[in-house]
1. At most 11 other Cβ atoms within 10 Å and a DSSP loop assignment: could you name the trypsin sites (Lys or Arg not before Pro) in region 85-151 that fit?
2. Ordered by residue, what ³J(HN,Hα) values in Hz, to whole numbers, does region 257-267 give under the Karplus form 6.51 cos²θ - 1.76 cosθ + 1.60, where θ = phi - 60° and Gly and Pro are x?
3. By how many nm would the segment from GLU43 to ASP114 lengthen if fully extended, with 0.36 nm per residue of separation less the alpha-carbon distance?
4. Find me the longest stretch of the chain that has none of the exposed GluC sites (Glu not before Pro), where exposed means in a DSSP loop (not H, G, I, E or B) with at most 15 other Cβ atoms within 10 Å.
5. Cβ neighbours within 10 Å, averaged per peptide: list 81-88, 22-29, 3-10 in order, most packed at the top.
6. Please list, or write none, the aspartates and glutamates whose alpha carbon is within less than 20 Å of the alpha carbon of LYS244, excluding same-chain residues fewer than 8 places away.
7. Rounded, prolate or oblate: which fits region 173-296, taking a ≥ b ≥ c as square roots of the Cα gyration tensor eigenvalues, rounded meaning a/c under 1.5, else prolate when a/b beats b/c?
8. Suppose every K and R has +1 on its Cβ and every D and E has -1 on its Cβ; what is the size of the dipole of region 196-295 about the Cα centre, in Debye to the nearest 20?
Amino acid sequence: MPSKVYSAAIVGLDAQIVEVETDVSYGLRNFSIVGLPDKAVEESKERVGAAIKSIKFSSPHQQPHRILVNLAPADLKKEGSLYDLPIALGYLLASKQTKFNPENKIFLGELALDGKLRPTRGVLSIALTAKEQGWKEIILPKANAAEAALVNPARESTSNKVKKIKVIGIENLKEAVDYLEGRKEILPTETRIEGLSKDIDYPVDLAWIKGQEYAKRALEIAAAGAHNLFMIGPPGAGKTLLAKAIPSILPSLSFEEALEVTKIYSITGILPQEKPLINLPPFRAPHHASSEAALI
């Protein structure tokens, strides 16, 4: 009987839940993944096989098995390496090498060949979608746990009416199996936002800039009224430096605004692991010759 575990796909800035169905039958050895997978998803069967072998389970590359993995809905493009963990667990379930209840659990994470879990992109969007839809648990790489736990801000802990999702950070495939089978207890990850929201490190502070009093006054007026600003001047006059200083005089981002910015950073793969919440107003300096498509 096919097994079914759950993961997610990034769609724009949001996420959609994906069913990972795995069927294992005896026959000529074959491992197929269907459901519009990209190259990274196709390559996951090699990573999954090596990772399962490294934790002393029977690998799909060692057995006369025909393995079919279906990522549903089939018309949604699946991208990235986050399906490694759900595919591995789905195979272990379908081949009866492990037994656990996958309901109400979201799985994601890239597997190394030795079974370790590597961080993946778009975790915050997936966690927000899972929480909104009432999923109870998300199991993911430990390096992504603090980011996912932002959906359960610690300030909500005093309210019993607020729905929360358990965020379980794991380090490797063996630890995931032990946790799911009940042999190991892992406490849910929590992220306190109070310290994160106050710890703002501005790359350039307007107070550091000497001179340019008229230009700085114009920046203050534009920032206070949320106006557009057009700066003209010769190279080296300080236009870029002044622009970089604008975030230091902008109002602090609200928690909801910070979440939206963090989602973008996470999906594009530029979110630092040591700073799961981006609370600084974003600044970008595209080249003056950039096309409209490049700007977007």
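1. LYS96, LYS99
2. 5, 4, 4, 5, 5, 5, 4, 5, 4, 5, 5
3. Stretched out fully, the GLU43 to ASP114 stretch lengthens by 24.0 nm.
4. It works out to 191-273.
5. Top of the packing list down: 81-88, 3-10, 22-29.
6. Result set, ordered by chain and number: ASP199, ASP201, ASP205, GLU213, GLU220, GLU257.
7. Note, shape of region 173-296 comes out prolate.
8. In debye, rounded to 20, region 196-295 gives about 300.
Each value in this text was obtained by applying a stated rule to the coordinates, not by laboratory testing. Worth saying up front: this structure is predicted, and the values here are computed from it rather than measured. All Cβ positions, even for glycine, are placed from backbone atoms using ideal geometry, and neighbour counts span all protein chains on display.
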